[in-house]
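Note sheet for the following structure.
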Amino acid sequence: MIYADNAATTRMSEAAIEAMVSCLRESFGNPSSLYAYGQQAKELLEGARAQIAGLLGAQPSEIIFTSGGSEADNQALLSMAEAGARRGKKHIVSTAFEHHAVLHTLERLKKQGFEITLLDVHKNGIVRPEELENAIRSDTCLVSVMYANNEIGTLQPIRSIGEICTRRGVPFHTDAVQAVGHVHIDVKADNIDLLSLSAHKFHGPKGIGALYARRGLVLQPLINGGAQERNKRAGTENVAAIVAMAAALTESCAAIDANAARLLPLRRRLIHGLRSIPYSELNGDEEKRLPGSVSFCFEGIEGESLLLLLDDRGICASSGSACTSGSLDPSHVLLAIGRPHEVAHGSLRLSLGEDATQEDVDEIIRAVTDTVAYLRGMSPFWRDLECGRRTHVFAEREV
Ligand SMILES: *Cc1c(COP(=O)(O)O)cnc(C)c1O
């Protein structure tokens with residue numbers, strides 16, 4: 001089996017499993033209890049917080065634990081909206097290709113009277129900082145731009161965007177769920193005010209994440225109850241998952257350069273191999289992307305059929321985000337970078353793990369090449385293209 005869907009979730013690392021199991025076995029106390037068992041759990045909790053903060057260049061008091069990336073996104077946006085509204089600022093700038101955790105929260109805010117500007121991301125899948133600056137107004141209370149896109153893998157000019165937001169005095173949130181543990185991030189150097197992360201995207205457990213909020217920004221709790229997380233997130237902390245998240249992040253961050261060095265030649269090979277398929281195109285910039293991430297569109301096929309046939313050949317991939325599979329709508333990300341509907345349906349996302357090999361990549365190329373040809377052979381739509389009753393969207397390429 002070749003697991004090439006690490007953007008959907010990752011396998012837990014041994015270090016994370018170890019940390020989790022040993023915490024479940026030996027430190028079951030409630031960190032809010034005053035006796036030694038509780039205090040032992042509390043120490044683990046605060047140790048994990050300091051570790052995670054340190055890896056991001058933040059202070060421990062600037063990290064709160066959440067149930068994952070979606071919750072962190074929701075809390076960041078709703079908190080800044082509430083703070084903005086109190087000062088009469090009800091305008092938010094974001095992008096058309098954010099994760100639904102951001103986009104659907106923005107839709108909710110729109111219903112509450114906020115004005116939302118969603119920036120275009122252009123064909124290369126990258127937001128232009130000058131366009132972002134032009135969109136900021138005197139009543140803008142938040143800018144939210146993801147660090148790396150979860151469908152096409154493109155990295156955004158976060159530092160420049162952060163610099164603009166700092167200069168214009170607007171809080172800057174980034175959904176960094178795909179980037180944390182995979183590229184170097186320093187919230188202070190990158191001028192980030194709020195950042196969302198999720199453990200299961202860097203070999204930690206599912207259902208745990210964190211929100212970084214720069215000191216001075218006021219977060220609103222989404223979950224009301226006890227005084228945990230400095231009154232910003234009620235409920236007994238999931239200490240075992242938090243400790244596992246810290247272990248996973250420590251390991252991932254230490255290996256960022258080594259992983260990139262291994263993955264970049266594999267990514268290049270994969271892109272080159274898939275480009276040899278006629279009427280195919282890479283989605284997003286070729287270089288400014290996550291080290292293991294490749295996304296393609298193929299004319300004349302359905303992404304879902306491709307996935308099922310790849311599964312038969314032992315390859316786990318995705319057609320877009322896990323959240324849109326099962327829906328008939330083409331991906332909003334592919335539409336945002338200007339792919340026409342009929343091509344957006346024929347997409348394939350491959351996100352390699354750090355342990356991927358050249359043999360894996362060559363097997364993926366063979367399987368995708370065969371399967372695309374097979375599906376086209378059965379497609380009346382493709383026959384129309386072949387005999388000129390329809391015109392191609394992609395240019396023919398010399399191969
Ligand atoms: C996975 C993902 C999320 C959601 O994180 P969960 O922990 O699964 O809630 C949010 N944003 C991006 C970019 C993601 O890739």
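Would you check if E71 is within 21 Å of A210 (Cβ to Cβ) and part of a helix (DSSP H, G or I)? Yes: the conditions hold for E71. Of all residues in region 4-26, those being open to solvent by 80 Å² or more (accessible area, probe 1.4 Å) and away from the ligand (no atom under 16 Å from the Cβ) number 5. For region 360-398, the set of residues classified as under 27 Å from the mean Cα position of the chain (by Cα) and either free of Cβ contacts under 8 Å to residues at least 60 places away in the same chain or open to solvent by 10 Å² or more (accessible area, probe 1.4 Å) (or both) consists of D360, D362, E363, I365, A367, listed by residue number. Taking S198 and the conditions (1) without any contact (Cβ under 8 Å) to a residue 60 or more places away in the chain; (2) in contact with a helix residue (DSSP H, G or I) (Cβ under 7 Å, 6 or more places away or on another chain); (3) crowded, with 24+ Cβ neighbours inside 10 Å, which numbered condition does it fall short on, given that it satisfies the others? Answer for S198: the failing condition is (1). In region 173-191 there is no residue that is open to solvent by less than 40 Å² (accessible area, probe 1.4 Å) and either over 25 Å from S94 (Cβ atoms) or at pLDDT below 95 (or both). Scoring P221 on the criteria (1) more than 16 Å from the ligand (Cβ to nearest atom); (2) surrounded by 22 or more Cβ atoms within 10 Å (Cβ to Cβ); (3) not acidic (D, E) leaves a single failure, condition (2).
At least 1 residues being in the same structural domain as P340 (by TED's automatic domain parsing) and in contact with a Phe, Trp or Tyr (Cβ under 8 Å, 6 or more places away or on another chain) is the threshold, and among the strands (runs of 3 or more DSSP E) wholly inside region 196-315 those reaching it are 280-282, 293-298.
The values are calculated or read from the model by the stated rules, or taken from the named source; none is laboratory data. Note that the coordinates shown come from a computational prediction; the quantities given were computed from them, not determined experimentally. In this analysis, Cβ positions are derived from the backbone assuming ideal geometry, glycine residues included, and neighbour counts consider all displayed protein chains. Surface accessibility is based on the protein's heavy atoms, side chains included, excluding ligands, DNA and RNA. Shrake-Rupley method; radii C 1.70, N 1.55, O 1.52, S 1.80 Å.
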